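Computed from the coordinates by the stated procedures, all read-outs in this text should not be read as laboratory data. Small disclaimer: the values here were computed from a predicted structure and weren't measured. Because the Cβ atoms are built from the backbone with ideal geometry, glycine has one as well, and the counts that use them run over all protein chains shown.
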Amino acid sequence: MELRHPKFNRITVDPEKCFGKPCIRGMRIPVSSILAYLSSGMTIEDILREWPELEKEDIYQALAYAAWATEERVMFEVAEDLKA
């Protein structure tokens, strides 16, 4: 069953696709892959050329989702769990 994120309408999660990782619009393109491509030096234009089914807004939402998912509140909770 595919679920759409309430804040990011292009981000979906489906336990039967990509091991339940957040993906772009139900496609088998995980948000983490988009981030990895960008961090390796690919530009948005490079990614869109390589995967023409993607749209520029997909890339922006992947970045926004990653920023939201790694806000300080999450990082402090993880750090506290590591101390225990």
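The table for this structure:
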quantity	calculated
First in region 1-24 and basic (Lys, Arg), second anywhere and loosely packed, with under 12 Cβ neighbours inside 10 Å, Cβ under 8 Å, 6 or more apart	Lys17/Arg28
Subset of region 25-55 that is assigned to a helix (DSSP H, G or I), of a type outside the set (Gly, Ala, Ser) and surrounded by 17 or more Cβ atoms within 10 Å (Cβ to Cβ) - its residue that is nearest to the chain's Cα centre (by Cα)	Val31
